[in-house]
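Asks: Dropping a structure here in structure tokens format, bear with me for questions.
The values are calculated or read from the model by the stated rules, or taken from the named source; none is laboratory data. Everything quoted here is computed from the prediction, not taken from an experiment. We work out accessible area using only protein heavy atoms, side chains counted, and drop any ligands, DNA or RNA first. Shrake-Rupley method; radii C 1.70, N 1.55, O 1.52, S 1.80 Å.
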Amino acid sequence: MIQFSLNCTDGHRFDSWFQSSDAFEKLLGAGMVTCAVCGMSEVEKSLMAPRVSTARNKAEKPLTSPANPAEQKLADMRRKIEKNSEYVGLKFADEARAMHDGDTPERAIYGEARPEDAKKLIEDGVPVLPLPFIPGRKTN
């Protein structure tokens, strides 16, 4: 894996990981590398220093704070969801349906669902929406 520092033509700076330099070039050429802030696909690599692993920096956490206001808002939203909702894990679709059908009391929940289960919930009018983070996994 390799990490690149990237810039979009609107001047947003962000980092992203790729399997290799060739993989980055292939994804970039296909328009699949987009700005993490604005979504623009006109992205280029910025100058960066190589990262040399030492005993000192192995103990450092790679992400200590959000890099921009958008990341800060996402971090704040995640904290609020985790504080005010119950994580139900892979039982999300069953729990959401049971609440919608009146079989269990309503409460704020979040969790994980297979795409086909999430699609069925939406088709059946169950009010759900995807989260911009992977639930249940702790971040720095």
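Asks: What do you get for Rg/Rh of the stretch 80-140 when both radii come from the Cα atoms and Rh is the Kirkwood radius?
Replies: Rounded to two decimals, Rg/Rh equals 0.96.
Asks: Taking every pair of Cα atoms in the stretch 1-48, average 1/r, invert it to obtain the Kirkwood radius, and report Rg/Rh to two decimals.
Replies: Details: Rg = 9.7 Å, Rh = 10.5 Å.
So for the stretch 1-48, dividing Rg by the Kirkwood Rh gives 0.92.
Asks: Now for a separate question. What is the percent carbon and sulfur in the accessible area of the stretch 1-46, measuring with a 1.4 Å probe over the protein chains and ignoring ligands? Show your work: numbers first, answer last.
Replies: On the way: 1380 of 2910 Å².
The value for the stretch 1-46 is 48 percent carbon and sulfur by accessible area.
Asks: So, for the stretch 90-140, what is the accessible surface per residue at a probe of 1.4 Å, expressed in square angstrom?
Replies: Per residue, the stretch 90-140 has 75 Å² of solvent-accessible surface.
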